[in-house]
Amino acid sequence: MAGVGGGNDFQWCFSQVKGAIDEDVAEADIISTVEFNYSGDLLATGDKGGRVVIFQREQECKNRPHSRGEYNVYSTFQSHEPEFDYLKSLEIEEKINKIRWLPQQNAAHFLLSTNDKTIKLWKIGERDKRAEGYNLKDEGGMPRDPFPITSLRVPVLKPMDLMVEASPRRIFANAHTYHINSISVNSDFETYLSADDLRINLWHLEITDRSFNIVDIKPANMEELTEVITAAECHPNQCNVFVYSSSKGTIRLCDMRAAALCDRHTKFFEEPEDPSSRSFFSEIISSISDVKFSHSGRYMMTRDYLSVKVWDLNMENRPVETYQVHEYLRSKLCSLYENDCIFDKFECCWNGTDSAIMTGSYNNFFRMFDRSSRKDVTLEACRESSKPRALLKPRKVCTGGKRKKDEISVDSLDFNRKILHTAWHPNDDIIAVAATNNLYIFQDKFN
Amino acid sequence: MAGADGDDSLYPIAVLIDELRNEDVQLRLNSIKKLSTIALALGVERTRTELLPFLTDTIYDEDEVLLALAEQLGNFTMLVGGPEYVHCLLPPLESLATVEETVVRDKAVESLRKISQEHSPVDLEVHFEPLVKRLASGDWFTSRTSACGLFSVCYPRVSSTVKAEIRQHFRTLCSDDTPMVRRAAASKLGEFAKVLELDYVKSDIISLFTALASDEQDSVRLLAVEACVSIATLLPQEDLETLVMPTLRQAAEDKSWRVRYMVADKFSELQKAVGPEITKNDLVPAFQNLLKDCEAEVRAAAANKVKEFCENLPEDSRENVIMSHILPCVKELVSDTNQHVKSALASVIMGLSTILGKDNTVEHLLPLFLAQLKDECPEVRLNIISNLDCVNEVIGIRQLSQSLLPAIVELAEDAKWRVRLAIIEYMPLLAGQLGVEFFDEKLNTLCMAWLVDHVYAIREAATCNLMKLVEKFGADWAQNTIVPKVLGMANDPNYLHRMTTLFCVNSLSEACGQEITTKQMLPVVLKMSSDPVANVRFNVAKSLQKIGPVLDSSALQGEVKPILEKLASDQDMDVKYFAQEAISVLALA
């Protein structure tokens, strides 16, 4: 497995790139979320234009051995439309904030997609039969002479080309006053939670007209507001446990068994601040942009502006592992504050065995960390190295002093090309990396 | 031409068949709902060979169409040729039992259960039982959840080898990987236990029950509580202690409040199922704990059961148990921090007085009632007031009237109009119990004040209330106390109040009778026909139409008719319309 095997750590090769090559990118085409389903055979992306694109992994086929693992478009649909809230005079963007797959329950696939306000449950199903035969018209739709009808025809089903249909099954609306930042399906597979800046709601997947508010941190007086909820996730196998992270860099773990309202947390994860590195930006960069449980449920990972931390759920006072993502930016915080980049929300993900983690950076760089060897690598998602099966070259950023060959100076990093969203196949070493409007798929070199 | 008649009759059927595939969901739905007509026209043979195969694959349709289809197929036995051919219905129902929409699946299972009864024992083993097995071992959990509902209908009618297989399948599903299937199995556990032989209940069901009741998922454990009721009913008393009680005790102290909530919610059923002895020894302390639970939802659920639990206590020790164990907890709940708990308690607490009798009620319960009548939450006070009849029987309402009055007055003047509305609805009941004297003295002014409330719903309820009071206290009382005040409002400067007079007349005339209506009300109504506000004038026309049947013909011809004729030539369109309507309804033209 890439990243773990002793000598050849992090050998990744290019597999595919999706999206237009054009230099000027339409805002609507910018990818805003990437998510594999439970089996990894489907990969969904959402974009700022409210569209969801689903890719399906091709089955291995004998005559084209290289096509194995390739993802091709399976279905594309418009999940959300721009809306206008007339009461509050607010525009509601169509941008897809998150996509979460449901475990497969029959031949069709289901996913939840959300924008700032409304969560939708979509069904993606296949149809390969079509009914034929009318009584009162022919197949072309031309009416037949109605008289005399001597016999009745019952339609018969004939095979047809496979058709993939996406249909909205439920719409969960009107429960969030603030912008939804997370949705997460519970391991009981009948409920899911949705979190906005100040509240977390618990929904039943089959009930759209009510949800239960389980966390509410809105102060009576909004002037006393000191922190907001930045992300929330359900535990992968304990149906009563969920966590939420805050803009203050802390994570709270709640147990839904204890009480109907989870205002009081069960565990509180916080790393004491190092007073020596305290600065004007400390608070901003400690804000957590993403939290993810490991597949095993033993650990969770949080991403803040400069680092990724892995926490053992049994230890609240400090993370067990901390990885620097782009420490070289610490000296650049001032300009990153001025161009608003400091508020970018980077996500992070685990590989299938929880042995490695991945998260994004600027200049289309993304970082991987092997947890056992503590090795890390910086890779770049770019079209230059996009020859099929071309090995990705590790990148290095020069951190002051003299720039060596192959190194890139911090000053020449492009802060407009950022990788916020990445996803790792649940079983295989295949990763999907969203770089603005392009989706890159890489696989480990032995594939 | 020969057969021309047949062609005519086939046409509507042809349309129905074509509309099975119409673009419009409503038309498809209509067509599915007339599926029996189609089947009848096709005959049993073509229904079996052509219609059912087509329907088997129509699982792509909208939920409402599928739901209707699943329902129809449950009544299709005769249309496919009777019980002999009923198994032909299995394929379409099997595919419906695997769709993702729970309501459709449930309906398909319901239909399958229905037609299972129409299978001969042989067909049941040859056709139905294999279907159950297929569903039970299906790849997707939708089919496995559906299977859970089918075991109990085929089990009693199959051979012992097949029975053993069915038990094995059920066992497998109880430990399925997905919580959805375990939930489905847990919810059918009680039902399945009922059809099993007692030995198997003891050997199989109990172990499954114990396993489900300690499942890692809260949502599964709480369903085991429901199964507990059915299982406990099946077992002989001497086995309950060893086989059921350990699990039940564990559930009542479960770490998850949702499970404890379920125990509280099912407490009366559980109590009946385990019998008086265990109730006394085990359930009483368990109930006390639930009443003191740290989660308000649990306390509220338990508070709701206080009366029922006390009622069902064994008679010999009832009073003792209530006084020494339950009442102390109830006393604490009266001042609970959560208003849902208090209002749940308030809705049942009055019922305790009949159980405890006069002396205990006066000594122990009355202070609680009085405290709740002063509660800050209006819902608590309302719940007490709405149940006054229970106390009335035991100690008479006089004991309470001192505290009752301030409580009623406060609710009557509450800032929230829904609270005011709720108390108005209890007025006739209160009036009945407090008597006319008390009413005139204390409550009459309130009832009149509501007539000029600024919320229409309150004014409307107030008029309706007056009618009920008149029905209770009689026409004489109305003539002396109500009618003069109502009619006085006809001169109010606010036209909304003048209209209230008319609305009161509408609802009072019948209860007051002809004399009062003709002599007192009619002149006022007639006079209002020259009101400057058109809304008042057309309401005069409507009122006249309403009270017309109560009046005698001389009043109608002599007094009502001229006025209506005048209104019929009013310059306002609405006034004209309603005047003409009244004239034609009263046949005055």
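The values are calculated or read from the model by the stated rules, or taken from the named source; none is laboratory data. Computed from a predicted model, the values in this text were never measured in an experiment. Don't worry about glycine lacking a Cβ; one is built from the backbone with ideal geometry, like all the others, and counts go over all protein chains shown.
Residue-wise test of (1) surrounded by 12 or more Cβ atoms within 10 Å (Cβ to Cβ); (2) at pLDDT below 95; (3) facing another protein chain (nearest Cβ under 10 Å); (4) within 23 Å of B:I59 (Cβ to Cβ).
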| residue | (1), (2), (3), (4) |
| --- | --- |
| A:I149 | yes, yes, yes, no |
| A:R153 | yes, yes, yes, yes |
| A:D161 | no, yes, no, yes |
| A:V164 | yes, yes, no, yes |
| A:S167 | yes, yes, yes, yes |
| A:F172 | yes, no, no, no |
| A:T177 | yes, yes, no, no |
| A:N181 | yes, no, no, no |
> What number goes with the only condition from (1) within 28 Å of the chain's Cα centre (by Cα); (2) hydroxyl-bearing (S, T, Y); (3) under 18 Å from B:C310 (Cβ atoms) that B:T279 does not pass?
Replying inline: (1)
>> Pairs needed: first member in the stretch B:199-221, in contact (Cβ under 8 Å) with a residue 40 or more places away in the chain; second member anywhere, buried (at least 20 other Cβ atoms within 10 Å of the Cβ) and of a type in the set (S, T, Y); C-beta distance under 9 Å; at least 6 residues apart or different chains.
In response: B:D218/B:S256; B:S219/A:T191
>> Go through (1) farther than 27 Å from B:Q339 by Cα; (2) over 24 Å from the mean Cα position of the chain (by Cα) for B:A286 and report which single condition fails.
In response: (1)
>> The conditions are (1) out of contact with any Gly (no Cβ under 7 Å at 6 or more places or on another chain); (2) within 30 Å of B:G357 (Cα to Cα), and B:T247 fails exactly one of them. Which is it?
In response: (2)
> Looking at (1) surrounded by fewer than 17 Cβ atoms within 10 Å (Cβ to Cβ); (2) closer than 19 Å to A:S187 by Cα, which is the only condition B:R183 fails?
Replying inline: (1)
> Which one of A:E206, A:E223 is more than 20 Å from the chain's Cα centre (by Cα), within 14 Å of chain B (Cβ to nearest Cβ) and either of a type outside the set (S, T, Y) or surrounded by fewer than 21 Cβ atoms within 10 Å (Cβ to Cβ) (or both)?
Replying inline: A:E206
>> Out of the residues in the stretch A:82-138 meeting the condition of being part of a loop (DSSP other than H, G, I, E, B) and among the charged types (D, E, K, R), tell me which one is farthest from B:D18 (Cα to Cα).
In response: A:K88
> Regarding A:P272, is this residue away from every other protein chain (no Cβ under 14 Å) and under 21 Å from A:V320 (Cα atoms)?
Replying inline: yes
> What are the residues in the stretch B:16-57 that are free of Cβ contacts under 8 Å to residues at least 12 places away in the same chain and not in a helix (DSSP H, G or I), if any?
Replying inline: B:R21, B:N22, B:E23, B:D24
> Has the stretch A:266-283 got at least one residue that is more than 29 Å from A:C398 (Cβ to Cβ), modelled with pLDDT under 95, touching a helix residue (DSSP H, G or I) at 6+ places or on another chain (Cβ under 8 Å) and hydrophobic (A, V, I, L, M, F, W, C)?
Replying inline: no
>> Of the conditions (1) surrounded by fewer than 17 Cβ atoms within 10 Å (Cβ to Cβ); (2) at positive phi, A:F189 satisfies every one except a single condition; which number is it?
In response: (1)
> Got at least one residue in the stretch A:381-391 being part of a strand (DSSP E or B), buried (at least 20 other Cβ atoms within 10 Å of the Cβ) and touching a residue at least 12 places away in the same chain (Cβ under 8 Å)?
Replying inline: no
> Got a number for residues in the stretch B:300-331 being touching a His at 6+ places or on another chain (Cβ under 9 Å), within 16 Å of B:K280 (Cα to Cα) and surrounded by 15 or more Cβ atoms within 10 Å (Cβ to Cβ)?
Replying inline: 1
>> Tell me the residue from B:D176, B:D215, B:D199 that is under 24 Å from B:S116 (Cβ atoms) and either in contact with a Gly (Cβ under 7 Å, 6 or more places away or on another chain) or surrounded by fewer than 22 Cβ atoms within 10 Å (Cβ to Cβ) (or both), please.
In response: B:D176
> Which one of A:D197, A:D188, A:D263 is in a loop (DSSP other than H, G, I, E, B), of a type in the set (D, E) and under 20 Å from the mean Cα position of the chain (by Cα)?
Replying inline: A:D197
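Within 25 Å of B:T517 (Cβ to Cβ) and at pLDDT below 90, is that true of B:V436?
It is true that B:V436 is within 25 Å of B:T517 (Cβ to Cβ) and at pLDDT below 90.
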> Restricting the search to the stretch A:209-220, which residues are within 14 Å of another protein chain (Cβ to nearest Cβ) and surrounded by fewer than 15 Cβ atoms within 10 Å (Cβ to Cβ)?
Replying inline: A:N213
>> Let me confirm something: among B:F128, B:F141, B:F170, B:F151, which residue is without any contact (Cβ under 8 Å) to a residue 40 or more places away in the chain and aromatic (F, W, Y)?
In response: B:F170
>> Against the definition (within 11 Å of chain B (Cβ to nearest Cβ) and within 30 Å of B:R258 (Cα to Cα)), how does A:D188 come out, yes or no?
In response: yes
>> Out of the residues in the stretch B:355-402 meeting the condition of being in contact (Cβ under 8 Å) with a residue 24 or more places away in the chain and of a type in the set (K, R), tell me which one is surrounded by the fewest Cβ atoms within 10 Å (Cβ to Cβ).
In response: B:K358
> In this structure, is B:I59 away from chain A (no Cβ under 13 Å), among the β-branched types (V, I, T) and closer than 30 Å to A:A108 by Cα?
Replying inline: no
> In this structure, does A:V241 turn out to be more than 28 Å from A:W350 (Cβ to Cβ), surrounded by 14 or more Cβ atoms within 10 Å (Cβ to Cβ) and among the β-branched types (V, I, T)?
Replying inline: no
> How do the helices (runs of 4 or more DSSP H) wholly within the stretch B:267-379 filter down when requiring 1 or more residues that are more than 30 Å from B:R420 (Cα to Cα): which remain?
Replying inline: B:267-278, B:284-291, B:306-311, B:318-321, B:327-334, B:352-360
> Are any of the residues in the stretch A:120-133 on the phi > 0 side of the Ramachandran plot, more than 7 Å from chain B (Cβ to nearest Cβ) and surrounded by 13 or more Cβ atoms within 10 Å (Cβ to Cβ)?
Replying inline: yes
> Do we find that A:L162 is without any contact (Cβ under 8 Å) to a residue 40 or more places away in the chain and in contact with a helix residue (DSSP H, G or I) (Cβ under 7 Å, 6 or more places away or on another chain) in this structure?
Replying inline: no
>> With the requirement that a residue be of a type in the set (S, T, N, Q), within 14 Å of chain B (Cβ to nearest Cβ) and without any contact (Cβ under 8 Å) to a residue 40 or more places away in the chain, what does the stretch A:226-253 give you?
In response: A:N240
>> Need the failing condition index for A:R144 against (1) modelled with pLDDT under 80; (2) exposed (fewer than 12 other Cβ atoms within 10 Å of the Cβ), just the number.
In response: (2)
> Where residues in the stretch B:1-11 are at the interface with another protein chain (Cβ under 10 Å from one of its Cβ atoms) and in a helix (DSSP H, G or I), which of them is modelled with the lowest pLDDT?
Replying inline: B:A4
